[in-house]
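Enquirer: Below you'll find the structure I mean.
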């Protein structure tokens with residue numbers, strides 16, 4: 001029996017660890033001095049609310065797809081439909097000079113682009129949209145934009161699945177190139193998170209960010225190599241494409257199917273540099289204003 | 001032991017933007033051209049609330065109560081000073097926060113619970129008890145958009161109370177829900193307190209504050225006016241109210257002639273189930289209310305007019321009436337008189353004040369004003385607006401009419417005994 005005692009002690013420790021109120025005095029749950037939160041305070045708050053991110057993301061997903069008759073099917077149908085329309089319009093109607101296997105080229109680029117566009121559109125307004133929540137209870141507001149970054153991963157997963165399934169049908173055999181999807185998704189999420197964090201913080205103050213973002217997304221797609229390969233471009237358009245943080249991401253997706261058309265290393269470095277700058281800016285904005293966003297809602 | 005809530009030199013400034021800041025216009029204009037007003041909602045507040053204490057905050061609308069509550073809940077940070085709260089905080093600023101209409105009750109419990117700081121496993125273990133407390137039964141797997149407003153509120157409160165907060169911050173939320181559930185909520189709050197939790201109650205409902213709170217803070221214009229027992233703070237509150245309302249309440253348009261009549265007590269009375277009349281701060285809509293006014297005449301009066309004005313929470317006149325044109329009777333010098341006004345309280349949920357005035361019978365001068373007395377009306381769930389006209393709904397059919405709902409036949413069934421105990 002004596003051998004069981006350590007086990008029992010461990011069990012007791014674990015059960016009390018699960019958060020039931022213990023005998024020790026409760027920790028400080030609110031400790032505010034002035035209006036700035038600071039990176040340390042934000043990190044502690046995010047850690048304390050780490051489970052909330054998953055729960056909010058799941059809620060968001062359920063809410064978005066539950067009502068639709070085909071439910072989750074819409075998550076598959078919309079991006080595929082949009083890519084097919086673009087592929088048909090640009091190859092048959094506009095007679096674009098394009099890479100080989102144009103439909104797969106468009107589909108792989110669109111997978112990355114649609115994730116970015118949807119996460120940015122939803123994420124930039126997320127703090128204001130969640131005001132019924134955030135004006136009445138505290139949790140780190142940075143979770144709201146991050147929820148958008150996380151929820152849209154499901155759509156990305158589905159589109160990538162469709163891409164992998166359709167590519168052989170459309171005449172592109174897939175091979176070891178698929179490993180490019182791994183860095184592709186990682187860099188995509190980093191770049192997206194950077195933009196979403198900055199835009200969501202700014203939108204609390206500047207309420208026209210909503211329109212600025214949708215206008216920007218509309219034009220942005222045409223300087224991102226989703227419709228035509230960057231090799232076809234020159235002059236200022238090519239410069240814009242090379243400076244575009246999404247070029248590296250989209251090219252990684254291309255590399256997984258039809259092959260990249262620009263220097264991957266250079267394009268990915270540009271993407272990572274953008275991501276780093278934006279993430280630092282986004283986290284600083286959120287750690288400065290976390291506890292006062294609610295005042296402007 | 002250190003304080004559960006500790007505020008040191010706390011001030012909170014809000015910026016009100018006259019026009020919404022726009023990125024495009026601010027970039028086009030070279031200098032920030034946004035017009036704005038700065039308002040100090042709370043100023044230089046020091047406060048300690050001990051663990052296990054039940055603390056009340058009262059004050060007029062715009063006195064900074066709500067801001068103080070959001071500061072304690074950590075929803076917003078102070079502009080100056082420091083706020084420290086020990087232990088898990090559950091703000092009941094609006095129950096059902098984060099409830100999404102499309103999600104089922106169960107899903108909402110998980111979302112809401114985790115916002116309040118519970119882990120998934122803790123919610124698993126408490127789910128059954130939450131469902132029991134909220135009395136939603138099999139509706140737990142129904143989207144909350146199909147819930148009645150009562151069920152919605154009950155589920156929200158059940159989650160908050162099961163978060164087992166060390167600090168519970170309660171707003172006016174308990175004004176909703178039926179009487180039986182309110183009793184349950186108050187009981188549960190008392191239980192929480194006896195297990196060592198700190199309860200902060202921010203309310204207009206002076207009756208509830210008086211019953212629940214050991215210590216009460218009165219705020220006015222963002223500054224602390226008084227901290228003391230509930231009775232002391234409420235007395236100070238009435239002083240603040242009468243000081244600020246003297247002109248609007250006495251809006252008779254008549255010249256004031258002091259030292260002729262003194263008004264003593266003004267009381268709002270409600271009946272319990274045995275038909276006894278008690279002084280109360282709470283009235284249930286649709287029940288009879290008595291207003292009792294005691295006065296003393298300093299000089300002989302052949303006749304006088306008693307006028308009453310019911311004011312809404314924002315100071316607007318909801319109702320005014322007087323005995324003008326009908327003789328009240330003579331009162332001799334030094335004699336006391338008591339006027340009774342009975343009315344059916346056909347009002348929606350909210351805080352009201354009743355002010356009393358005594359005029360000369362010729363309606364040329366006002367003789368006395370009384371400080372307004374506040375009372376809280378628990379209205380019917382379906383009623384909105386300024387008055388409860390107690391509409392009886394029926395469906396017209398070929399063979400006659402079928403009553404759908406007639407509030408006048410059901411009102412007053414649940415008596416106000418809760419508030420009179």
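Enquirer: Please give the FRET efficiency for residue B:381 paired with residue A:85, using the beta carbon to beta carbon distance and R0 = 30 Å, rounded to the nearest 0.05.
Expert: Details: r = 50 Å, r/R0 = 1.66.
That gives a FRET efficiency of 0.05.
Enquirer: Just tell me how shielded A:206-219 is by partners: mean number of partner chain Cβ atoms within 10 Å of each residue's Cβ, no decimals.
Expert: Details: counts 8, 5, 7, 3, 0, 3, 3, 0, 0, 1, 0, 0, 0, 0.
Mean partner-chain Cβ count within 10 Å for A:206-219: 2.
Enquirer: For an R0 of 30 angstrom, estimate the FRET efficiency from the Cβ-Cβ distance between residue B:403 and residue A:63 and round to the nearest 0.05.
Expert: Working: r = 39 Å, r/R0 = 1.31.
The formula returns an efficiency of 0.15 here.
Enquirer: Give me a single rounded figure for A:131-143: the average over its residues of other chain Cβ atoms within 10 Å of their Cβ. Mind dumping the intermediate values first?
Expert: Details: counts 0, 6, 7, 3, 6, 13, 17, 10, 7, 0, 0, 0, 1.
Mean shielding count: 5.
Enquirer: Using Cα-Cα distances under 8 Å and only pairs 6 or more residues apart, what relative contact order does chain B have, in percent?
Expert: After rounding, I find 15 percent.
Enquirer: Here's something else I'd like to know. Over region B:274-387, calculate the relative contact order: mean separation of alpha carbon pairs under 8 Å at least 6 apart, over the residue count, as a percent.
Expert: Values: 241 pairs, mean separation 38.5, N = 114.
Relative contact order here is 34 percent.
Enquirer: While we're on this one: Would you mind putting B:216-225, A:101-110 in packing order, based on average other-beta-carbon counts within 10 Å, highest first? Please list the in-between numbers first.
Expert: Numbers: B:216-225: 21.3, A:101-110: 25.0.
Ranking, from highest mean packing down: A:101-110, B:216-225.
Enquirer: Divide by every residue of chain B the summed helix terms, -39500 (n - 2.57) for each DSSP H run of at least 4, and state the resulting mean residue ellipticity at 222 nm, rounded to the nearest 500 deg cm²/dmol.
Expert: Working: 10 runs with 105 residues, N = 421.
So the helix-based figure for chain B works out to -7500 deg cm²/dmol.
Enquirer: Return the distance in nm (one decimal) between the two label points of a simple spin-label model at residue A:132 and residue B:17, each offset 7 Å from Cα along Cα→Cβ.
Expert: Output for this residue pair reads 2.3 nm.
Enquirer: Students often check this: by mean Cβ neighbours within 10 Å, which of B:70-83, A:149-162 ranks highest, and how do the rest follow? Don't skip to the answer; put the middle values down first.
Expert: Numbers: B:70-83: 23.1, A:149-162: 20.4.
Result, highest mean first: B:70-83, A:149-162.
Enquirer: Compute the distance in nm between two label points, each set 7 Å from the Cα along the Cα-to-Cβ direction, one at residue A:216 and one at residue B:3.
Expert: Taking the simple label geometry, residue A:216 and residue B:3 are separated by 4.4 nm.
Enquirer: Also, quick follow-up: How large is Rg over Rh for region A:64-296, taking Rg from the Cα atoms and Rh as the Kirkwood inverse mean of 1/r across Cα pairs?
Expert: Numbers: Rg = 18.2 Å, Rh = 18.4 Å.
A ratio of 0.99.
Enquirer: Right, next: Taking R0 as 25 Å, what's the FRET efficiency between residue B:336 and residue B:362 from their Cβ-Cβ distance, rounded to 0.05?
Expert: On the way: r = 23 Å, r/R0 = 0.91.
Calculated value: 0.65.
Enquirer: Distance between the C-alpha centers of region B:379-398 and region A:146-176? Whole Å please.
Expert: 56 Å
Enquirer: Relative contact order of region A:64-296: what whole-number percent is it, with Cα pairs under 8 angstrom and at least 6 residues apart? Please report the intermediate quantities before stating the final value.
Expert: On the way: 322 pairs, mean separation 65.2, N = 233.
Reported relative contact order: 28 percent.
Enquirer: Here is a follow-up. For the protein assembly as shown, what size does the Cα cloud have along each of its three principal axes, sorted from largest down, in whole Å?
Expert: Cα spread of the protein assembly as shown along its principal axes, largest to smallest: 109, 77, 69 Å.
Enquirer: Is the shape of region A:116-244 rounded, prolate or oblate, going by the alpha carbon gyration tensor and its root eigenvalues a ≥ b ≥ c, with a/c under 1.5 for rounded and a/b larger than b/c for prolate? Display every interim value, and only then the final one.
Expert: Values: a/c = 2.76, a/b = 1.53, b/c = 1.80.
Oblate shape, in that a/c is at least 1.5 and b/c is the bigger or equal ratio.
Enquirer: Where the centroid of each part is defined by its Cα atoms, how far is region B:65-91 from region B:279-304 in Å?
Expert: After rounding, the separation between the Cα centres reads 41 Å.
Enquirer: Could you sort A:180-188, B:162-170, A:232-240, A:132-140 so that the peptide with the highest average Cβ count within 10 Å comes first and the rest follow in order?
Expert: On the way: A:180-188: 20.0, B:162-170: 24.0, A:232-240: 12.3, A:132-140: 22.0.
Highest-to-lowest ranking by the protection proxy: B:162-170, A:132-140, A:180-188, A:232-240.
Enquirer: Then there is this: Could you work out, residue by residue across A:183-193, how many beta carbons of other chains sit within 10 Å of that residue's beta carbon, and then give the average as an integer?
Expert: Working: counts 0, 0, 0, 0, 0, 0, 0, 0, 0, 0, 0.
Taking the mean over all residues of the peptide, I get 0.
None of the figures in this text is laboratory data; all of them are computed from the coordinates on show. What you see is a predicted model, and the numbers here were worked out from it, not measured in a lab. FYI the Cβ positions are ideal-geometry reconstructions off the backbone, even for glycines, and counts take in every protein chain you see.
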